[in-house]
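Novice: Structure incoming, see below.
The values are calculated or read from the model by the stated rules, or taken from the named source; none is laboratory data. Keep in mind that this is a model prediction, so the values were computed, not measured. Every residue, glycine as well, gets a Cβ built from its backbone with ideal geometry; the counts of neighbours run over all protein chains shown. Just so you know, the surface numbers come from the protein's heavy atoms only, side chains and all, with ligands and any DNA or RNA stripped out. Shrake-Rupley method; radii C 1.70, N 1.55, O 1.52, S 1.80 Å.
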Amino acid sequence: MARARMLLVEDDAALAELVTFHFKREDFDVKHTPDGEEALLLAKEATPDIVLLDWMVEGISGIEVCRRLRRMPETANVPIIMLTARGEEEDRVRGLETGADDYVTKPFSPRELVARVGAVLRRVRPALAGEALIYADIEMDTVGHKVRRGGEVVPLGPTEFRLLKHFLEHPGWVFSRERLLDAVWGHDSDIESRTVDVHIRRLRKAINLGDKPDIIRTVRSAGYALDAGN
């Protein structure tokens with residue numbers, strides 16, 4: 001199962017610790033900050049899979065953080081769940097209209113919150129809910145370490161496998177070379193960004209064998225995306 005990355009923006013230290021505990025137990029990678037400005041920086045540095053966002057946080061308000069996340073290309077499609085003690089209908093509507101995907105009123109049950117997050121991720125990122133990643137005619141068995149396209153086995157090297165896995169977990173997203181280096185090779189890698197181009201060419205050659213349509217889109221001055229409409 002792909003490990004989901006969560007950004008928790010909550011200024012109540014005790015509640016943040018409780019939420020972090022429950023989601024780490026569910027194998028989430030949780031980053032926490034009590035500050036709205038820092039939350040925007042963290043989201044830009046490493047795009048989360050989901051954001052849990054308190055309405056009242058340090059710095060700028062949670063509702064403004066939500067608005068700005070929706071404007072940033074990196075996080076425009078990332079699901080956001082608002083956490084707040086404000087339970088009035090007008091506040092809920094305002095949060096949803098600003099771009100939140102769900103709204104949880106405090107106090108809440110951690111088990112219910114885990115279930116809500118799971119439901120949102122299954123809807124917007126089904127790859128995080130199972131062991132098979134599927135997009136168009138490509139299917140990846142992450143446990144058996146096998147890839148098929150159109151039912152035919154595609155032999156891939158370990159780097160190309162990780163690269164394709166990252167694309168399958170984020171279909172349609174455009175990634176720069178630098179972001180692919182961080183995601184596939186790791187933050188501490190000394191590999192040059194142009195190395196990404198080499199592995200993209202290898203991946204293309206492998207999955208497009210037999211004159212199959214090129215499913216990897218090159219976006220000039222931006223990067224690469226997995227795009228069946230390419």
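Novice: Filtering the stretch 214-230 down to residues that are surrounded by 11 or more Cβ atoms within 10 Å (Cβ to Cβ) and part of a loop (DSSP other than H, G, I, E, B), which residue is modelled with the lowest pLDDT?
Specialist: The extreme case among them is 230.
Novice: Here are some residues: 20, 47. Which one is assigned to a loop (DSSP other than H, G, I, E, B), touching a His at 6+ places or on another chain (Cβ under 9 Å) and buried (at least 17 other Cβ atoms within 10 Å of the Cβ)?
Specialist: 47
Novice: A further question on this structure: If you go through the stretch 108-143, how many residues are on the phi < 0 side of the Ramachandran plot, assigned to a loop (DSSP other than H, G, I, E, B) and at pLDDT 85 or above?
Specialist: Going through the stretch 108-143 one residue at a time, the tally reaches 3.
Novice: Follow-up question, since we're still on this one. Among the residues of the stretch 199-209, is there at least one that is modelled with pLDDT under 90, farther than 27 Å from residue 45 by Cα, open to solvent by 60 Å² or more (accessible area, probe 1.4 Å) and out of contact with any Ser or Thr (no Cβ under 8 Å at 6 or more places or on another chain)?
Specialist: yes
Novice: Here's something else I'd like to know. Residues in the stretch 25-33: is at least one surrounded by 18 or more Cβ atoms within 10 Å (Cβ to Cβ) and assigned to a loop (DSSP other than H, G, I, E, B)?
Specialist: Yes; the residues of the stretch 25-33 include at least one that is surrounded by 18 or more Cβ atoms within 10 Å (Cβ to Cβ) and assigned to a loop (DSSP other than H, G, I, E, B).
Novice: Working only within the stretch 73-99, note down all residues that are charged (D, E, K, R), assigned to a loop (DSSP other than H, G, I, E, B) and modelled with pLDDT under 80.
Specialist: 86, 88 - these are the residues of the stretch 73-99 that are charged (D, E, K, R), assigned to a loop (DSSP other than H, G, I, E, B) and modelled with pLDDT under 80.
Novice: Only residues that are farther than 21 Å from residue 224 by Cβ and either crowded, with 19+ Cβ neighbours inside 10 Å or without any contact (Cβ under 8 Å) to a residue 24 or more places away in the chain (or both): list them for the stretch 130-151, please.
Specialist: Matches in the stretch 130-151: 132, 141, 143, 144, 145, 146, 148, 151.
Novice: Hey, among the residues in the stretch 68-81 that are out of contact with any Lys or Arg (no Cβ under 8 Å at 6 or more places or on another chain) and either surrounded by fewer than 15 Cβ atoms within 10 Å (Cβ to Cβ) or among the small types (Gly, Ala, Ser) (or both), which one's nearest to residue 101 (Cα to Cα)?
Specialist: Here the answer is 77.
Novice: Here is a follow-up. Is it the case, given these coordinates, that residue 102 is surrounded by 15 or more Cβ atoms within 10 Å (Cβ to Cβ) and modelled with pLDDT of 75 or more?
Specialist: yes
Novice: Has the stretch 171-180 got at least one residue that is without any contact (Cβ under 8 Å) to a residue 12 or more places away in the chain and either more than 16 Å from residue 47 (Cα to Cα) or open to solvent by less than 30 Å² (accessible area, probe 1.4 Å) (or both)?
Specialist: Checked the stretch 171-180: no residue is without any contact (Cβ under 8 Å) to a residue 12 or more places away in the chain and either more than 16 Å from residue 47 (Cα to Cα) or open to solvent by less than 30 Å² (accessible area, probe 1.4 Å) (or both).
Novice: Sticking with this structure for a sec: Within the stretch 1-14, which residues are in contact (Cβ under 8 Å) with a residue 12 or more places away in the chain, open to solvent by 20 Å² or more (accessible area, probe 1.4 Å) and either aliphatic (A, V, I, L, M) or part of a loop (DSSP other than H, G, I, E, B) (or both)?
Specialist: Answer for the stretch 1-14, where residues must be in contact (Cβ under 8 Å) with a residue 12 or more places away in the chain, open to solvent by 20 Å² or more (accessible area, probe 1.4 Å) and either aliphatic (A, V, I, L, M) or part of a loop (DSSP other than H, G, I, E, B) (or both): 1, 3, 11, 12, 13.
Novice: Note down all Cβ pairs under 8 Å where the first residue falls in the stretch 203-230 and is at positive phi, the second is open to solvent by less than 40 Å² (accessible area, probe 1.4 Å), and they're at least six residues apart or on different chains.
Specialist: 223/175; 223/176; 223/180
Novice: Taking residue 164 and the conditions (1) assigned to a loop (DSSP other than H, G, I, E, B); (2) open to solvent by less than 20 Å² (accessible area, probe 1.4 Å), which numbered condition does it fall short on, given that it satisfies the others?
Specialist: Result: residue 164 fails condition (1) only.
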